[in-house]
Amino acid sequence: MSGGARLLTVAELLSEPNKRVRGPDRVPIGVVNIPATRPLEWGVLVYSAAPPDIEAAGDASIEELHAAPPADGVGVAVQYGTDDGVRRWVNGAAQAAAPADMSDPKSLADFLQWGMRAVPARRYAVVLGGHGGGYLGAVSSMDRRRLMRPQEMAAALAASGCRPAVLAFNTCLMAQAEIAAELAPVADLLVASQAREEGVGMPLGAWLGDVAPDGTPREVARALVDASAETPARTPEMSAIDLKQAERLKSALDEVGRAILAAPDTRGAIREILEGLPSFHDRPWDRPLTDMKDLRAFSASLRALPSLRDAAERLRATLDDAVIARTGEGGGLSAWLPAASLSASHGELGRAAEARWHDGALARGAWGEAVRFLTE
């Protein structure tokens, strides 16, 4: 959600020192004792942070959520953080809540454990709301100086014992291959936007009314994409992604990477392709956000290069299987696709942004090597 506010600047996104975050051991929280009886079919756990610049949008989102009671067999637990503090609800009823830094993965893990106790269910959909910056993270602190990184989200989910059947981002720019790669070990389906969300963002209230107690995870994920299609000004470029395809997607990108490295004379042509791809972020100076571009468009353009045609076609086929629902003009999944070094345009901040990307799961292989080659 954005509420008309500007996106975080690169300086804000990278103000926290670059540090390596891998594995659930970074969030030392005990496993929750889930009741043996699970009376509900679906539990929806909403964790949303609204700094002052988007607090009005956040308030409106919570109001929409409370105004639309879920169907029988579906329960809702919410934690909502603003500059005034943290509030919790269970099925619309206010609950006690302790102060918390919403950008802290320990806070997320604690909420998930509490939410599973409050709303015991067979399956869970988890919604993370607030600011988003693609592979740099989502759910900001109130001073907008920190985002929870994807690796930290994965660690919090693992530590909490909650594996969402559907994990949704009510934020900007999180329908990315990088996000899928980090969260595939801890969730089944991802619903997010390739673009910037506006105002209230996802129509969570309308979606709750469409969550059938006997709905499958794919049906629930598609229902959120369908509901978002009814609010295109708020939620453009929404998609649902099968995270079981994440490893195959990484392999397809690694194959593209190997083909690029085997044909170094194509570097200039590939850079031209990358420069020509439209961005989902309309501020060309604000890298790396403007480098987050559509993977399907990228694969289609690569087919013009004979040495890359086969690898590009396999990437397209993998995207067909990974994206199970989408709205808008995009292909459903973006990736960081830079045509030039970030350090050249942003100095130390650029180097920090590049370091964060290369610290991610998607970068560990031939695709990461190819990105280095293309931006040298």
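The values are calculated or read from the model by the stated rules, or taken from the named source; none is laboratory data. Remember, it's a predicted structure, so these values are computed and weren't measured experimentally. Methodologically, a virtual Cβ is constructed for each residue, glycine included, from the backbone with ideal geometry; neighbour enumeration extends over all protein chains shown.
Laid out as a table, the results:
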read-out: Residue ranges of helices (runs of 4 or more DSSP H) in the stretch 268-376 with at least 2 members without any contact (Cβ under 8 Å) to a residue 12 or more places away in the chain and not assigned by TED's automatic domain parsing to the domain that holds Ala195; value: 309-322, 342-358
read-out: Residues of the stretch 162-176 satisfying the condition of being surrounded by fewer than 24 Cβ atoms within 10 Å (Cβ to Cβ) and of a type in the set (A, V, I, L, M); value: Ala165
read-out: Residues of the stretch 234-255 satisfying the condition of being assigned by TED's automatic domain parsing to the domain that holds Glu178, surrounded by fewer than 24 Cβ atoms within 10 Å (Cβ to Cβ) and within 18 Å of Ala297 (Cα to Cα); value: Pro236
read-out: Sole residue being crowded, with 16+ Cβ neighbours inside 10 Å and modelled with pLDDT of 95 or more, chosen from Ala353, Ala317, Ala339, Ala366; value: Ala366
read-out: Positions within the stretch 320-329 being of a type outside the set (Ser, Thr, Tyr), modelled with pLDDT of 95 or more, farther than 21 Å from Gly257 by Cα and out of contact with any Gly (no Cβ under 9 Å at 6 or more places or on another chain), in sequence order; value: none
read-out: Residue match in the stretch 229-236 (condition: over 28 Å from Arg283 (Cβ atoms) and assigned to a helix (DSSP H, G or I)); value: no
read-out: Hits in the stretch 179-207 - residues which are more than 27 Å from Arg149 (Cα to Cα) and buried (at least 24 other Cβ atoms within 10 Å of the Cβ); value: none
read-out: Qualifying residue in the stretch 62-82 (condition: outside any strand (DSSP E or B) and within 30 Å of Leu295 (Cα to Cα)); value: no
read-out: Test result for Ser228, more than 24 Å from Asp291 (Cβ to Cβ), hydroxyl-bearing (Ser, Thr, Tyr) and buried (at least 19 other Cβ atoms within 10 Å of the Cβ); value: yes
read-out: Check on Arg283, charged (D, E, K, R) and buried (at least 21 other Cβ atoms within 10 Å of the Cβ); value: no
read-out: Strands (runs of 3 or more DSSP E) enclosed by the stretch 96-214 - at least 2 residues per element that are over 28 Å from Trp336 (Cα atoms); value: 121-129
read-out: Where Ile273 falls short, out of the listed (1) modelled with pLDDT of 95 or more; (2) within 28 Å of Ala49 (Cα to Cα); value: (2)
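For every residue, the table says whether it meets (1) under 24 Å from Arg283 (Cα atoms); (2) without any contact (Cβ under 8 Å) to a residue 24 or more places away in the chain.
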residue: Asp188; (1), (2): no, no
residue: Ala192; (1), (2): yes, no
residue: Leu204; (1), (2): no, no
residue: Glu219; (1), (2): no, yes
residue: Ala246; (1), (2): no, no
